[in-house]
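Enquirer: Questions regarding the structure given below will be posed in turn.
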Amino acid sequence: MLSNEDSPLLNYRLFSVVGDGVGQEEGTDNGQVVVCSSTGTLPDQDKKLSTFFGVVVPTVLSMFSIVIFLRIGFVIGHAGFLQAVLMLVVAYIIISLTVLSVSAIATNGAVQGGGAYFMISRTLGPEFGGSIGLMIYLANVCACGVYILGLVEAILDEFGMLPGSSVADGTHALPQGYLYSVMYASIILLLCMIICMVGADIYSKASFVTFLLVTLILITILVSFFAVKPQEIHIVHTTTTGTKTYNTSYTGFNSSTFRDNLFGDLKNPSSSIPKGTIVAVVYTFFVYLLLFFMVSFTCERVLLQEDYSFLKKINVWPPFVTIGIYSASLSASMSSLIGASRILHALAKDDLFGIPFSPAKKTSKGGNPWVAVLYTWGLVQLVLFAGKLNTIAGIVTIFYLMAYAAVDLACLALEWASAPNFRPTFQVFSWHTCLLGIVSCFVMMFLINPAYASGSIVLMIILLGFIHYRASTSSWGYISQALIFHQVRKYLLLLDVRKEHVKFWRPQILLMVANPRTSCELIQFVNDLKKGGLYVLGHVQIGDLGFRASQLASGSTNTLD
């Protein structure tokens, strides 16, 4: 990477970019891995986290989150085992293709603050990188809201008052309703914000404990399928219009249950990032697949469709699942909040969006971007007012798929351009995998929600035009120039002098002059003659070759004088 790739594109008098603290180098977008200086150097004493603690742990936690506890039954209950597995395979194929692209880019040079944003912007230029970077930021903001709302849903399921009741009933003491849900979510978000303001180190230290806790709870869930005997389960849904009761059962391993669930009702950074991400993806895939199989074999369809928290009822110790839901949700919320603030900080340092984002460049003495954390907290608070977890989850998915497609596009462009500086040590990729990843992401976006997909593309185009209109030329290097050079060279090599014809002849002129300043008329005359041909102008310097070369190298001679 070029040393000046850390320089901002635009400078403003109100906010100086000098001495704006340190940046963060991240193994993933979701958490801090190592800290590097703002010059891009990475002192050995600052490299504290290994592949496992820096990449595997935060990636696994972000991929499990609350989904594994509250939405597995919903997916299998409505889609069936076969369609659920198909969705899982498709999702992990898209993730795997993107991981290959990320690994290739990550092993080609330093990855600094902003994670995927840094990769995309330094490859495709500020316009594309800035627009996608902002969308990744918004995806993290919405994801944080999803995790917090999911946590509130789990808390109210355990401790909320029954609908239609105004009196506390045992542990069901928390009042429910839209405003109450927003209040509970805001309190949790405030707690996360305070932790981020104090410093992300608290989360980094606690993430491994959370990882062990979630792993232990998943083990108890798997053991429960063998240890818990078949039982009848009564589900009561009390609403303002009445009460609905469902009588269903946990059958244990039963081939009849499996057949019923078979069909659905519906149709070092450079070294650590590749290894850690691949390990996390493989691990989570097999955990999800195993849980899909166990749930389909043991739980009736009604139980899966009507009870999000059915895993608690069939666990050897139900509080285990509750602890897992709370810890995984809180960890994922913290991860998204921290990751979003790091991306915003990187966007602000590059000055792509002007004065509104400029305060987000400020950091504490320890390098914590506290202003970016405040920005992110405010936006997540707005997301919480939506109050609908499934609606926000769709937007998050679309934005993340856009980011995946952009990473694949960046790797594809580098591969097609045959850029001499693109020499990744990770070689398990090709332009075929990149192109397949791009196509898969866009197809999946429109399958999930055509309106959201179209809106996200329109938003990206608007942001791209805005940044292109106001941003100056960057010193990061544009992949478009490399692609143009590659194509020009390709077509020049296709020219065959043996096939030239007098009808299409063009003069190729080399003009050597002693001093261009005094030869303007001659230069203009030859320029009129070239008629679209190749025209090379040479400035003749007479003297000793070694002496003149040393003068030119030192910059002591003005060649136009």
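Enquirer: Kindly indicate which of Leu492, Leu510, Leu464, Leu436 is touching a strand residue (DSSP E or B) at 6+ places or on another chain (Cβ under 6 Å) and either of a type outside the set (A, V, I, L, M, F, W, C) or open to solvent by 50 Å² or more (accessible area, probe 1.4 Å) (or both).
Expert: The unique qualifying residue is Leu510.
Enquirer: Report the residue count in region 203-231 for those that are within 23 Å of the chain's Cα centre (by Cα) and of a type in the set (S, T, N, Q).
Expert: 3
Enquirer: While we're looking at this one, here's another question. Give the residues of region 406-433 that are of a type in the set (S, T, N, Q) and either open to solvent by less than 80 Å² (accessible area, probe 1.4 Å) or closer than 15 Å to Ile120 by Cα (or both), sorted by residue number.
Expert: Residues of region 406-433 that are of a type in the set (S, T, N, Q), as a first pass: 418, 421, 425, 427, 430, 433.
Ser418, Ser430, Thr433, listed by residue number.
Enquirer: Can you tell which of Gly532, Gly455 is not in a helix (DSSP H, G or I) and not polar (S, T, N, Q)? I'd like the intermediate steps shown before the answer.
Expert: Working: Gly455 fails: not in a helix (DSSP H, G or I).
So the residue among Gly532, Gly455 that is not in a helix (DSSP H, G or I) and not polar (S, T, N, Q) is Gly532.
Enquirer: Among Ser331, Ser271, Ser309, which is out of contact with any Phe, Trp or Tyr (no Cβ under 7 Å at 6 or more places or on another chain), open to solvent by 30 Å² or more (accessible area, probe 1.4 Å) and polar (S, T, N, Q)?
Expert: Values: Ser331 fails: open to solvent by 30 Å² or more (accessible area, probe 1.4 Å); Ser309 fails: open to solvent by 30 Å² or more (accessible area, probe 1.4 Å).
The match here is Ser271.
Enquirer: Something else: Looking only at region 252-267, filter to residues that are touching a Ser or Thr at 6+ places or on another chain (Cβ under 8 Å) and either at pLDDT below 80 or not hydrophobic (A, V, I, L, M, F, W, C) (or both); which one of those is surrounded by the most Cβ atoms within 10 Å (Cβ to Cβ)? Step through it out loud before you land on a result.
Expert: Of region 252-267, the ones touching a Ser or Thr at 6+ places or on another chain (Cβ under 8 Å) are 252-254, 257-258, 261-262.
With the extra rule that they be either at pLDDT below 80 or not hydrophobic (A, V, I, L, M, F, W, C) (or both), the set shrinks to 252, 254, 257, 261.
Values: Gly252: 16, Asn254: 16, Thr257: 22, Asn261: 24.
Filtering first and then ranking leaves Asn261.
Enquirer: Answer yes or no as to whether Tyr203 is surrounded by 13 or more Cβ atoms within 10 Å (Cβ to Cβ) and either at pLDDT 85 or above or not in a helix (DSSP H, G or I) (or both). Write out each step before concluding.
Expert: Details: surrounded by 13 or more Cβ atoms within 10 Å (Cβ to Cβ): yes; either at pLDDT 85 or above or not in a helix (DSSP H, G or I) (or both): no.
Judged against the criteria, Tyr203 is not a match.
Enquirer: Right, here's the next one. Condition first: surrounded by fewer than 23 Cβ atoms within 10 Å (Cβ to Cβ) and among the charged types (D, E, K, R). Now tell me which residues in region 352-365 satisfy that. Write out each step before concluding.
Expert: Restricting attention to region 352-365, the residues satisfying the condition of being surrounded by fewer than 23 Cβ atoms within 10 Å (Cβ to Cβ) are 353-359, 362-365.
Residues satisfying the conditions are Lys362, Lys365.
Enquirer: Here is a list: Val316, Val295. Which entry is crowded, with 21+ Cβ neighbours inside 10 Å, in contact with a helix residue (DSSP H, G or I) (Cβ under 8 Å, 6 or more places away or on another chain) and over 30 Å from Cys196 (Cα atoms)? Spell out how you get there, then give the answer.
Expert: Working: Val316 fails: crowded, with 21+ Cβ neighbours inside 10 Å.
Unique residue meeting the criteria: Val295.
Enquirer: Restricting the first residue to region 368-382 and requiring it to be under 14 Å from Met334 (Cα atoms) and hydroxyl-bearing (Ser, Thr, Tyr), which pairs with a second residue that is part of a helix (DSSP H, G or I) and open to solvent by 10 Å² or more (accessible area, probe 1.4 Å) meet a Cβ separation below 9 Å and a spacing of at least six or different chains?
Expert: Hits for this filter: Thr376/Met193.
The values are calculated or read from the model by the stated rules, or taken from the named source; none is laboratory data. Worth saying up front: this structure is predicted, and the values here are computed from it rather than measured. Note that we place each Cβ from the backbone using ideal geometry, even for glycine, and neighbour counts take in every protein chain shown. Side chains included, ligands, DNA and RNA excluded: accessible areas come from the protein's heavy atoms. Shrake-Rupley method; radii C 1.70, N 1.55, O 1.52, S 1.80 Å.
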